[in-house]
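Heads up: the structure comes next, in structure tokens.
What follows draws every value from the coordinates through simple rules; no lab data is involved. Remember, it's a predicted structure, so these values are computed and weren't measured experimentally.
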């Protein structure tokens, strides 16, 4: 096989487990920033971005844990579905917050009892220009949970990607998976990256529900931000994606034991390889675990000319991992 590694595989480096959307008592979380970091460190995380609502919660990195100065901020929508609806974004690597971001004050809220605040920029692009002025990286937060119009995203610029999977939203109301928004953007020629998060507020119930794995050459804040900026990552709430390589039109994926591996493309063009009775064979299973689950697979698409491709891996419990566009 003429191996052509899909970025960031084959680049060397180290994989770091990241919590990129989490809340402390500085806004509406239930753990202090210090205790929150300790909980993530004890759970095997390497990077934490405390994204309190309109609060910049800065906690120094430790020997074992990299922290990112971050926040969850808001923007007005051009196509709101209901009164006072606004959107949110996660911004990493900031130094300060604007007192007045210039949005519609009818959309600004403060909940004293739950200790959260929402202010808004006038639109997504304006918010992204502000973030870019600080050298920060931004991802649109939980578009399914927010019920964002896809037109608001298609008509905006500047965000690195979207929060494709949000564990808290999934267990709260079944609106955690925003893959549909991602696919529409990709089908329209955009190339946003994705992240997965737990959106932790209540650690006993939410901490560690999902995470993002970034590939870095060094364990530094700058290297993590660069990985988020360039899509050197995959994200998951269970499986691991060990390797993705191209061989002509075919794609080979190595992963933790999985019942199905899917190569997603536009329209109905995506194909999969699955185990079990009636398992689809749009390719070949190359290696399996002792119990017969896929650990390496070759997928051969029926439509080699595609607008985009991405991979997802589904384990025996139904948990999923997602690659960035390949």
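Computing Rg and the Kirkwood Rh from the Cα coordinates of the stretch 241-323 gives a ratio, Rg/Rh, of 0.94. Highest mobility in the GNM of the chain, judged by mean-square fluctuation with C-alpha springs under 10 Å and restricted to 192, 80, 203, is found for 80.
Each DSSP beta bridge with both residues in the stretch 10-236 is either parallel or antiparallel, and the antiparallel ones are about 60%. When the chain is treated as a Gaussian network with alpha carbon springs shorter than 10 Å, the biggest mean-square fluctuation among 209, 31, 154 belongs to 154. Distance between the C-alpha centres of the stretch 1-39 and the stretch 213-280: 16 Å, rounded to the whole angstrom. To the nearest ten degrees, helix 124-133 and the longest principal axis of the Cα atoms of the chain are 80 degrees apart.
Rounded, prolate or oblate for the stretch 104-201? Axes are the square roots of the Cα gyration tensor eigenvalues, ordered a ≥ b ≥ c, and the cut-off for rounded is a/c under 1.5. Verdict is oblate for the stretch 104-201. Across the stretch 157-263, counting alpha-carbon atoms alone, Rg and Dmax equal 15.1, 46 Å.
With respect to the chain, whose longest principal axis is taken over its alpha-carbon atoms, helix 33-42 is tilted by about 10°.
Among 58, 88, 218, which one shows the highest mean-square fluctuation when the chain is modelled as a Gaussian network with alpha-carbon springs under 10 Å? Result: 218 has the largest fluctuation of those listed. Alpha carbon centre of the stretch 70-96 versus the stretch 169-201: separation in Å? If you average the Cα positions of each part, the centres end up 15 Å apart. With respect to the chain, whose longest principal axis is taken over its alpha-carbon atoms, helix 221-230 is tilted by about 60°.
Distances longer than 36 Å among the Cα atoms of the chain: what percent of all pairs is that? Display every interim value, and only then the final one.
Numbers: 9289 of 52975 pairs.
Summing the P(r) of the chain above 36 Å gives 18 percent of all pairs.
The shape of the stretch 1-110 comes out oblate: with a ≥ b ≥ c from the C-alpha gyration tensor, a/c is at least 1.5 while a/b does not beat b/c.
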